[in-house]
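Since every read-out is calculated from the coordinates, none of them should be taken as a lab result. Everything quoted here is computed from the prediction, not taken from an experiment. Don't worry about glycine lacking a Cβ; one is built from the backbone with ideal geometry, like all the others, and counts go over all protein chains shown.
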Amino acid sequence: MRKILSLGLVRGWLWQIVGTAFGIGLVVGVRLLMGLPAWKAEPAAVVGGLLGALFFNYGVGVFDDWFLGWSGRDVPEHGDETRLGWRRFFGPSTNHKTIGVQYLVLSLILMSVAGVFSLIFRTELANPGLQFLTPIEYNTLMSLHGIVMIISILIGISAFMNYTVPFLIGAHDMAFPRLNAFSFWIAVPAGEILLSSIFLGGFDTGWTGYPPLSARAPLGMQMFFLGVSLASFSSILSALNVLVTVARLRAKGMTPFRMPIFIWAAIATSIISLTATQLIGLSFQMVMLQRLLGMGFFDPVKGGNPILFQHLFWFYSHPAVYVFVLPGLGIISEFLPVFVRKPLYGYKWVAMSSLAIALTGFLVWGHHMFTAGMAEYLRVPFMYSTLLVAVPTGVKFFSWVATIWRGKISFPTPMLFILGGIVVFLLGGISGPPNATVSTDLQLNNTYYIVGHFHDTLFGGYIFPFFAAIYYWFPKMTGKRLSEKLGKLQFWLMTPSFVIMSLAMMRIGLLGMRRRVADYDPALGFQPYMMVMTITGFLIALGVLVFFINAFITLKRGETATGNVWGSRSPEWQAPSPMPLHNYDRPLEVVGEPYDYGLPGSQYVKFEGEE
Amino acid sequence: MKHFVIVAILVVASTIAIRAGLNSIGLLPELASVQGTSTDQLFGLYVWATAFVFSLIVVTLVYALIAFRRKQGETGEGVHVTGNSSLEIAWTVVPLLIVVYLAFIGAQSLADTRRIDPSAMVVKVITGQWYWQFQYPDYGIGTTELYLPVGKQVDLQMTSRDVIHGFFVPEFRLKQDIVPGRTVELRITPSVIGNYKVECSQLCGSNHAYMTAAVDVVSQADFDAWVAEQKAAAGENPVLLGEQLASQYGCTVCHSADGSKKIGPTWLHLYQSQVPLSDGTKVTADEQYLINSITNSNQQIVEGYTANVMPATFGQTLDKNQIAALVAYLESLK
């Protein structure tokens, strides 16, 4: 019993129950004092959920150091925690690599849950008519698939930024390790609250949660708003941490254009997260308050404006797409030189293109609203700004192809996922401009074409590079190398299936198939396409299952890999695997360019005391 | 140099083949509106562009992967090339010019979809969860199917009674969200006679999938005949017309004619009865009360019901004859 209670997660859950009960009691008490009927589900659920999340963090022990500091006592140094073994992943670790693995596991769990949701409703959609889901169940699963995947992606990005940024820049840890722990642990109750919406009536609005629909949806809607608001804390604080870490903790000699290219992507993505995430939190909290307290922000009867919500929502949610893909594109640029044994072509242009995408991304949100009924003339400037995104994105593609040209190319699993990512992201890229010009978008908006387009961008820009990164850095995390055979099986299960699925989506979307429908008219003739999407969806899931099996087998009895597995110039591969507690035993200095493969005698980093 | 020549030839061949393939499968549904003409031209341009960019990147990539793969037992590194500024500038500036040109064409295409014909026929579109209603103020008729004469611009004046809905007919290539609290305009000139379907394009709750209505584009002669038929059906009998209006305007969603209690009070035995109001007084349900309750619904609230539930806009949406017909119908339920 004491052993179980020593796990932070278990203590967190117990305190979460206490906090939730306390929150509900608080609402009941206040209502009684105000002379209202004691019980009302909405405020009880929201306040209970919020306090439960805070108490959870207290229970885990995330606040312990801060409380010690505030009370004037000494805060202990967090020393070697490896003696805790696997148990360290269940407590409030402040080590960036432990937190990175925590994020990674949480991300994989949420990704699997959201994936299962999609398999359920894809099975429903394989045939017209309602088979086994009611419309509200369909809408809840479809909405949760979207938002849980998004949270999983944000967490997955935090995973890789946390795990790699410190050692890529030669630092011991992140700039704010305790804040880092909080960023992770607040995401756990956020995910729980989000998923609890299934049990509280669900919601029928999609992940966009447009009012007035979301103002009248079932109670599950509030859990959606609360869960996303809490997760946005995680995203904002994590971005802050990354930016400060990169600004302050780089190794000697690591000038901006000698940073690994992934760092540029991490900067670009963190700028967006830090400055735009507030807007989605804000817009969701406004609807939350409209429901709780009758503040009619978006209620036309009270003079509110439903379109305002869409502006606030998309001001984050479009740049958010670049939050999702920029790290992935950074990983592509980071790995390509290693596997083609050639410098990254046009390093500075690739680095600047990440920033250009991030900055342009702030000016394009209106293209989601071409049909929304906003001021009509606004559609023209948004059309120009949106199309501009194609320019820096094109720079990346051209640079990748030029990097590969005349290399010495080998094809281990991470390289396959990188190449799959490039081709799939290209499909997402070239299917984009028709959504940017207004007249063509009037046909495409809210159809399956959009669904195909953004699944292409997210698979190409996130999922494929994400798996490439796992295969690439798995030896660094565990000292063992994932099976190449199973890795290739996963790749070939996922890639063709995914391409077929997204093309089928775009095909019926062009023909007018609406998205977010639980049922469709068989007379449309789309049933064969829907069946293809369902089958390919299951094949993708099978690929992910192969990955889990691979990870499980490798951890049990995988091939040991402690050296420089991929022949990389990057400093982390000059250190032992798994990575030691404080990364490098000696300070390192950057003495050359990061990607000078093929230049004899060149060196990227030099450790102190080394010739 | 040899590599570049081969790749260039392959890219051209692949572009032509992909474009031909895409066009042969028929990418878009049949076009049935004047507004969609320039949209489809723009789509045609995109098919070219898509085929070219896809070929340029993928063909070059695949070629490079094959030509420069590490052969069995081969060691060593690739060529040490770090970049070329002129090339980088070229592939930044050329795409920039292309997208600016695309945006320019896109703006023209948008303008084409928005040309206004001052003699357009007005149709009021009223939406709610989950229904479509269409009113023709010029003819004083209302339906749940949209009838349109071919070749004549129709000005859809759309409103929503609850959440955001969306008007979408794939063959018309146009889509417009319908926002509650205001009137949204969409102009369509149907160009081909046929039967289509309007589908709600903005997620509007559980039954979103089923929010569709028939759209029939007919010849002017057929349209005139249909109008006459509709008018005759309502006839000169105001009670029948009123009953039709009550269902078309969604009144019967909240008010019953058989005494059962719904969201609003029933109409059965209402006329000339004593109605208790929320302020404690009583009022006789005479003709003036009925008119007032329709056009000024928040003024006299029946005891046990709340204000602001019934739309307060019927005073504007209904004309005098329609209100008279509704009152006649209510009186007939005495």
Just order A:532-545, A:465-478, A:358-371 by mean Cβ neighbour count inside 10 Å, highest at the front, would you?
A:465-478, A:358-371, A:532-545
Neighbourhood charge, 15 Å Cβ-Cβ cut-off, centred on A:F160 and excluding it, Lys, Arg +1 and Asp, Glu -1
0
Cα-Cα over 25 Å: which of B:K197/B:K262; B:K124/B:K175; A:K97/A:K556; A:K348/A:K408; A:K488/B:K71; A:K485/A:K556?
B:K197/B:K262
Note, A:S354: beta-carbon cut-off 13 Å, +1 each Lys/Arg, -1 each Asp/Glu, net +1
Hey, can you rank A:445-452, B:222-229 by average C-beta count inside 10 Å, highest first?
A:445-452, B:222-229
Expressed as a whole-number percentage, the relative contact order of chain B with C-alpha contacts under 8 angstrom and at least six residues apart is 13 percent
Pop the C-beta distance of A:A247 and A:W70 into the FRET formula with R0 = 25 Å and round what comes out to the nearest 0.05.
0.40
Output field shielding_mean for A:129-140 (other chain Cβ, 10 Å radius) holds 2
Note, B:A64: beta-carbon cut-off 12 Å, +1 each Lys/Arg, -1 each Asp/Glu, net +4
Determine the distance separating the Cα centre of the stretch A:80-141 from the Cα centre of the stretch A:273-299; give it in Å without decimals.
26 Å
Non-local amide H neighbours of B:S160 (under 5 Å, H modeled in plane, Pro and chain starts lacking H): which ones?
B:T127, B:G181, B:R182
Between A:L7 and B:Q288, what is the label-to-label distance in nm when each label sits 7 Å out along the Cα-to-Cβ direction?
7.7 nm
Between A:E559 and B:I193, what is the spin-label point distance in nm, taking each point 7 Å from the Cα along the Cα→C-beta axis?
7.2 nm
In what sequence, highest mean first, do B:202-215, A:151-164, B:159-172 appear when ranked by Cβ atoms within 10 angstrom?
A:151-164, B:159-172, B:202-215
Within 10 Å of the Cβ of an average residue in B:65-73, the count of other chain Cβ atoms is 4
Report Rg (one decimal) and Dmax (nearest whole number) for the protein assembly as shown, counting Cα atoms only, units Å.
30.9, 105
R0 of 51 Å, Cβ-Cβ distance B:I105-B:E303: FRET efficiency to nearest 0.05:
0.25
Is there a simple number for the mean count of other chain Cβ atoms within 10 Å of the Cβ of residues in A:156-165, and what is it?
0
